[in-house]
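**Q** The structure that follows is given in the form of structure tokens.
Read the figures in this text as sums done on the coordinates, not as results from a lab. Worth saying up front: this structure is predicted, and the values here are computed from it rather than measured. Quick reminder, even Gly has a Cβ in these numbers, built from the backbone with ideal geometry, and neighbours come from all protein chains shown.
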Amino acid sequence: MGQGQFQVIGGPCSVETEEQMRMVAQALVDNGVRLMRGGAYKPRTSPYSFQGIEEDGLKLMRKVADEFGLLIVTELMDARDLPVFEEYADILQIGTRNMMNYRLLKDVGRTSRPVLLKRGMSATIQEFLLAAEYIAAGGNQKIILCERGIRTFDSETRNMLDLTAVPVLKEKTHLPVIVDPSHGTGRSALVSPMGLAAAACGADGLLIEIHPNPSEALSDGDQALDVASFTQFMQKLCVLLQALQ
Ligand code: PEP
Ligand code: MN
């Protein structure tokens with residue numbers, strides 16, 4: 001899983017503590033993963049839910065990432081935070097709720113950081129591509145598209161992971177397309193099967209939520225893999241990727 005090849009981004013939904021991030025970082029390094037995620041500014045549905053530890057989280061993640069030789073992917077919700085993100089983050093994530101925040105898209109279009117753009121939860125593929133176009137039009141061509149599930153009538157899973165989007169997006173653009181089976185399903189037991197399916201249908205990478213102790217996670221614990229499950233998943237993924245070559 002080297003440069004230009006299939007990439008996995010792993011880490012907790014929210015950055016909580018240094019110990020948590022160290023355990024995650026160790027799991028990533030042990031499994032040959034170079035990209036660590038963690039939310040410091042969290043877009044929560046309820047204003048009373050945990051909102052993230054903000055700048056402290058970015059600093060903490062930077063420290064751990066540097067120690068373990070990892071790059072950081074983290075969500076930017078507001079352009080006013082750009083200076084601090086440019087100091088501590090490597091890849092800026094634009095979340096599903098902000099895919100249609102056109103001012104924010106223009107703002108990240110003017111930065112030099114790669115942008116991981118998630119599909120809006122009710123966005124068509126065409127709207128998703130036009131959101132990416134906003135970033136590109138600002139001069140930033142370093143865009144990673146991320147399918148993370150859309151809303152449908154079925155409440156069995158958190159979202160409906162639209163894997164059809166992968167080959168369709170790859171047909172329409174040369175941008176890398178990754179899949180987030182964690183938010184796409186909302187259930188840890190479904191992350192491995194859908195992550196493997198995403199790789200099988202041509203995704204260029206995956207975003208996987210990992211927590212050393214999912215039952216104690218401050219956000220999205222139900223969909224987080226623990227370190228053992230992540231390791232098991234990575235073993236299966238490596239076999240699959242080899243078979244697909
Ligand atoms: C996240 O990655 O933790 C997140 C909030 O994702 P999404 O924007 O896809 O809901
Ligand atoms: Mn999350």
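**Q** Out of curiosity, is I178 away from ligand 2 (no atom under 14 Å from the Cβ) and either touching a Gly at 6+ places or on another chain (Cβ under 8 Å) or of a type in the set (F, W, Y) (or both)?
**A** In short, yes.
**Q** Another one. If you take the residues in the range 195-215 that are away from ligand 1 (no atom under 14 Å from the Cβ) and in a loop (DSSP other than H, G, I, E, B), which one is surrounded by the most Cβ atoms within 10 Å (Cβ to Cβ)?
**A** Applying the filter and picking the extreme gives A203.
**Q** Restricting the first residue to the range 16-33 and requiring it to be on the phi > 0 side of the Ramachandran plot and without any contact (Cβ under 8 Å) to a residue 24 or more places away in the chain, which pairs with a second residue that is of a type in the set (D, E) and outside any helix (DSSP H, G or I) meet a Cβ separation below 9 Å and a spacing of at least six or different chains?
**A** Listed by first residue and then by second, the contacts come to nothing, as the list is empty.
**Q** Also, I was wondering about something else. Any residue that is small (G, A, S), under 24 Å from E16 (Cα atoms) and either away from ligand 2 (no atom under 13 Å from the Cβ) or within 17 Å of the chain's Cα centre (by Cα) (or both) - is there at least one of those in the range 193-215?
**A** Yes: one or more hits.
**Q** For the range 220-245, which residues satisfy the criterion of being part of a loop (DSSP other than H, G, I, E, B) and surrounded by fewer than 20 Cβ atoms within 10 Å (Cβ to Cβ)?
**A** D226, Q245
**Q** Can you go through T45, T74 and tell me which one is surrounded by fewer than 19 Cβ atoms within 10 Å (Cβ to Cβ) and of a type in the set (V, I, T)?
**A** That would be T45, the only listed residue that is surrounded by fewer than 19 Cβ atoms within 10 Å (Cβ to Cβ) and of a type in the set (V, I, T).
**Q** Now, a different point. Would you mind stating whether A132 is more than 13 Å from the chain's Cα centre (by Cα), farther than 27 Å from D56 by Cβ and either within 16 Å of ligand 1 (Cβ to nearest atom) or of a type in the set (K, R) (or both)?
**A** yes
**Q** Residue under question is T157, and the condition is that it be farther than 13 Å from L116 by Cα and either surrounded by fewer than 16 Cβ atoms within 10 Å (Cβ to Cβ) or free of Cβ contacts under 8 Å to residues at least 12 places away in the same chain (or both); does it hold?
**A** Answer is no for this residue.
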